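What follows is a short report on a single structure.
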Amino acid sequence: MRVNHIPTKHIITEMQEVFLHTSQALATSSGFCQRTSPISARSWVQGLVFGWLSNPQASLSELASALGAAGAPVSPQAVQQRFSRAGTYLLRGVLEALTRYALHQATGQVLSRPQHSWLNTFPALWIRDSTLITLPLELQQQWPGTGGATGPSAALKVSVQWEWRSGTVAPLHLTPAKEHDQKAAQEQDQLAAQQGHSIKPGEMHLFDLGYFDLEWLGHLQAQGAYFCCRYKAATRVQRLEAPGLLDGPVLEWLEALPTTQQQVEWEVKLGERAQLPVRLLAVRVPPEVAAQHRTKAIAHNRRKRQKVSEERLALYGWNLYLTNAPASLLSLEQTRVLYRVRWQIERLFRLWKETLGVDEWRSQNPQRILCEIYAKLIGALLTQKLTAFCLWHDPARSLVKCAHVISRHALSLLTHLRCDTALARTLRALQRACDPAAKLNSRRQKPATFQRIQLAKNP
C-alpha cells in the first residue's frame, strides 16, 4: 500500500506562500515594481519558473504564454524588457525564500524496513557537495571563476546539502567558483544555524575530499553525529593495536598485507593533534580500475601543472574509507554501499543540468542569463519537492523519470496555483502519473543503489 509522507495540504501551502505571497512581497525591495506594470512580481516569477520547468529551451513567446497563464498577458518583447538587474534580485530573493522552508521538513522520513532496515539506524543522512555553472566573461566581476592557465573566467558555485532520507534539499548557497568548498560549507552552516538547524546526534554525514577538514570532523563527533568519507593522502594516522600504538604511513600497512587479502579494517586515531578515534576501512581495487584512476589523476594534475605523488598513485589501488560509526552500526560492506549513496547527489546535479537545463540559455544578455539560472534553480528545488511528495516512499524511484512527469504537469500546476481544490486535484494526478511510470527497473549485472542497500547485510 502506498504511504505518502508529505501531506498534500503542506505542499499547497508552501507553493502558494512562495509563488503568490513571497514573490509579491519582494516586488518593491528588489526594485522590480516601482510603478504600475502589467507584469506583477508574482506573475513574473511564476511565468519564468513554470515556463522553463515545462520547457528548459522555452522561447520568449512560450515564456509570454506562461506569464499569461499566471495572469499577465504580455508580448514577448515585454518579457524581454524585464530581464534586468531588478529581475535577477527578485528571482534570487524568491530562491532564498524557497529554501528557508526546506530545513523544517527534514524530519528523517522512515524508509521501508524490509529494504532499508540498517539505514534507519541514522535519523538523517546528509550528503554535501557543490556544482559549477560556467558563465559569460561579462559576469566575471560578480561571479569570478577559478582562472588558471586559461585566464580570467566567470562561474557560479552552487553548494548543496541534501537530506537523502526525506529528500529535502537544504538552503542553497551561491558563491563565486573561486571560493573553496570548505569556506562555502562554513558559510552554509552559519546560514543553517541562523534558521534554527543544528547538527543532531546519530545523523550521518557524507562528503568528498573537497570538504575533508579535521576540525569539521571533530565538530561532528563532538555533536554525536557520524561521518563517512574518503581518506586523504598524507593525513597523519596512528593505528591502535595491542600492546601499543603503531605509527607509520598507511601505504606501508597496505603493502605489508598478503596480495590475496581484499579488505581490511583498523581502529585508528586521525590527525597529529586532533587524535580523532575512527575506523579506517580499506578495500582493494581491481588493477584495471586502479590504472584508470591513475591515468585520470595524472592528466588532471598535468592540466594544473602539478605532479601526482608516488604515494597517492599507489593508494589508487585501494578504496580507503574513514568513519566514526562503530562496527555494530555500520559494517565494512555497508560502509561501501553507504558511500555509494553519496553519488546520488551527482545524479541530482546531472538532473539539474541535463534535464532541467540550469546551465543552458538562449541569450547573450547577462541579466537574462542570471534570471534564467535563478528561475531554473527555483524550478529544480520545486521538482525535488514534488518528487519527494510523489515518490520518495519508493526506493526504486527515478529522479529523471519523475522530473519528466513533473515537466508535463508544470503548466497545469501554474494554472491551478491559486485554487486549493484544483491544485490538490492536479497534485493527486501528478502522484498517479509518477507511480509506476517513474520507477527504476531492477538490474542483475549492475545493481542500482537501492538494490545494493537491500543486499547489504546487517553487522
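The values are calculated or read from the model by the stated rules, or taken from the named source; none is laboratory data. Predicted model only: the values in this text are computed from it and were never measured. Positions of Cβ are generated from backbone atoms using ideal geometry, with glycine treated the same way; all protein chains shown enter the neighbour counts. Ligands, DNA and RNA are stripped out before the accessible areas are found, and what is left, the full protein with its side chains, is counted by its heavy atoms. Shrake-Rupley method; radii C 1.70, N 1.55, O 1.52, S 1.80 Å.
What value, in deg cm²/dmol to 500, does the helix sum -39500 (n - 2.57) over DSSP H runs of n ≥ 4 give at 222 nm once divided by the residues of the chain?
Rounded to the nearest 500, it is -13000 deg cm²/dmol.
What relative contact order, as a whole-number percentage, does the chain give when Cα pairs under 8 Å and 6 or more residues apart are counted? If you can, show how the numbers build up before the last one.
Working: 721 pairs, mean separation 83.8, N = 459.
Relative CO of the chain lands at 18 percent.
With axes computed from alpha carbons, what is the tilt in degrees of helix 41-54 against the longest principal axis of the chain, rounded to the nearest 10 within 0 to 90?
Once rounded, the angle reads 60 degrees.
How much net charge surrounds Lys200 when only the other residues with a Cβ under 13 Å from the Cβ of Lys200 are counted, with Lys and Arg +1 and Asp and Glu -1?
Numbers: positive: Arg165; negative: Glu163, Glu203.
Neighbourhood net charge equals -1.
Just the number please: accessible area per residue for the stretch 216-349, 1.4 Å probe, all protein chains included, in Å².
Details: 7220 Å² over 134 residues.
With all protein chains present, the stretch 216-349 gives 54 Å² per residue.
If you take every DSSP beta bridge fully contained in the stretch 184-313, what fraction is antiparallel? Give it as a percent rounded to 5. Before the final figure, lay out each step's value.
Values: 15 of 18 bridges.
Percent antiparallel among DSSP bridges in the stretch 184-313 is about 85.
How many times 2.2 N^0.38 Å is the alpha carbon radius of gyration of the stretch 202-315? Let's see the in-between values first.
Working: Rg = 15.6 Å, N = 114, 2.2 N^0.38 = 13.3 Å.
My calculation over the Cα atoms of the stretch 202-315 gives 1.17.
Given a cut-off of 23 Å, name the pairs among Lys200/Lys401; Lys232/Lys304; Lys157/Lys401; Lys178/Lys353 whose C-alpha atoms lie farther apart than that in the structure shown. All intermediate terms of the calculation are to be shown ahead of the outcome.
Working: Lys200/Lys401 33 Å; Lys232/Lys304 19 Å; Lys157/Lys401 26 Å; Lys178/Lys353 20 Å.
Long pairs (Cα-Cα over 23 Å): Lys200/Lys401; Lys157/Lys401.
Enumerate the amide H contacts of Val74 below 5 Å, restricted to partners 5 or more residues apart or on another chain; note that Pro and chain-start residues carry no placed amide H.
The answer is Gly68.
Using a 4.7 Å Cβ cut-off, which Cys residues in the chain lack a partner cysteine?
Among the cysteines of the chain, those whose Cβ sits 4.7 Å or more from every other are Cys33, Cys228, Cys229, Cys371, Cys402, Cys419.
Leaving ligands, DNA and RNA out of it, rank Trp266, Trp44 by accessible area with a 1.4 Å probe, largest first. Write down the numbers at each step before the final one.
Numbers: Trp266 25, Trp44 0 Å².
Final ranking, largest accessible area leading: Trp266, Trp44.
Among 87-95, 273-281, 167-175, how do they line up from the highest to the lowest mean number of other beta-carbon atoms within 10 Å? The partial results should precede the final answer.
On the way: 87-95: 23.7, 273-281: 17.2, 167-175: 21.8.
Result, highest mean Cβ count within 10 Å first: 87-95, 167-175, 273-281.
Calculate one ³J(HN,Hα) per residue across the stretch 372-380 by plugging θ = phi - 60° into the Karplus curve 6.51 cos²θ - 1.76 cosθ + 1.60, and present them in order as whole Hz with x for glycine and proline.
5, 4, 5, 5, 6, 5, 4, x, 5
Using a 1.4 Å probe, how large is the accessible area of Arg418, given in Å² and rounded to the nearest 10?
Accessible area of Arg418: about 120 Å².
Quote the relative contact order of the stretch 306-456 in percent (integer), defining contacts as alpha-carbon pairs under 8 Å separated by 6+ residues. Working shown, then result.
Numbers: 85 pairs, mean separation 38.2, N = 151.
Answer for the stretch 306-456 is 25 percent.
Determine the gain in length on full extension of the stretch Lys446-His10; use 0.36 nm per residue of separation and subtract their C-alpha separation, reporting nm with one decimal.
Residue separation times 0.36 nm, minus the Cα-Cα distance, leaves 153.2 nm.
For the chain, what % of the accessible area comes from carbon and sulfur atoms, probe 1.4 Å? Kindly include the intermediate steps, with their values, before the conclusion.
On the way: 10780 of 21200 Å².
Carbon and sulfur together cover 51 percent of it.
Please work out which option in [x] 4, 18, 28, 25, 16, 7, 2, 0, 0; [y] 4, 21, 32, 28, 12, 3, 0, 0; [z] 4, 20, 29, 28, 15, 3, 0 gives P(r) over Cα pairs in 10 Å bins from 0, in percent calculated from these coordinates, and answer with its label.
Checked against the structure: label [x].
Antiparallel as a % of all DSSP beta bridges within the chain, to the nearest 5?
Working: 42 of 48 bridges.
Close to 90 percent.
Taking amide H atoms as placed 1.01 Å from N in the peptide plane, list the residues 5 or more away in sequence, or in a different chain, whose amide H sits under 5 Å from that of Val358.
Lys353
Distance from a point 7 Å along Cα→Cβ of Leu455 to each backbone N in the stretch 270-296: keep the residues under 18 Å and list them by number.
Only 283-286 pass the distance filter.
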